[in-house]
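Notes follow the structure.
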Amino acid sequence: MSEAFRVLMVEDDPDIRAVAHLSLTAVGGFTVLQCTSGAEALQQISAFAPHLVLLDVMMPDMDGPTTLLALRKLPCMIGIPVVFMTAKVQPQEVQAYRDLGAADVIAKPFDPMTLPSVLHGIWSRCHG
């Protein structure tokens, strides 16, 4: 992966969005497009062409699982890993997210210093 690694982050909470954005850009050197809703992500994703999507589970209007299902219908999303970020990480919840097609699940609160390396690992596992 290079400096041009692109992450589409979908998160409605401005504080979490700010911390994750700082982590991914300053620590990870990623290019990040922030979306505040699933609907916005659906509008932006084709033009941005992310390598990975970081998706909040609980959002108003269109939640993460609904957004994932809509994203998976787009031709530009073939082979693009989607990673959920959520505080709901009981084993049955994590399994349900994976059953929907999520590549992995990152627990909130997350460690901003390790978030980029966690995403690198997930991406490598999906494309290794």
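Before moving on, here are some points about what is shown:
- Residue satisfying condition, being at pLDDT below 95 and farther than 22 Å from His120 by Cα, within set Pro60, Pro14: Pro60
- Top-ranked residue of region 59-74 - restricted to ones that are out of contact with any helix residue (DSSP H, G or I) (no Cβ under 8 Å at 6 or more places or on another chain) and closer than 13 Å to Leu42 by Cβ, ranked as surrounded by the most Cβ atoms within 10 Å (Cβ to Cβ): Arg72
- Per-region count, region 22-48, residues touching a residue at least 60 places away in the same chain (Cβ under 8 Å) and touching a Leu at 6+ places or on another chain (Cβ under 8 Å): 5
- For region 28-50, a residue qualifies if it is in a helix (DSSP H, G or I) and among the β-branched types (Val, Ile, Thr), and exactly one does: Ile45.
- The listed residues are Val53, Val19, and the only one of them that is part of a strand (DSSP E or B), among the hydrophobic types (A, V, I, L, M, F, W, C) and in contact (Cβ under 8 Å) with a residue 12 or more places away in the chain turns out to be Val53.
- Note on region 69-115: residues that are under 14 Å from the mean Cα position of the chain (by Cα), not aliphatic (A, V, I, L, M) and not in a loop (DSSP other than H, G, I, E, B) total 5.
The values are calculated or read from the model by the stated rules, or taken from the named source; none is laboratory data. Keep in mind that what you see is a predicted model, and the values were worked out from it rather than measured. Quick reminder, even Gly has a Cβ in these numbers, built from the backbone with ideal geometry, and neighbours come from all protein chains shown.
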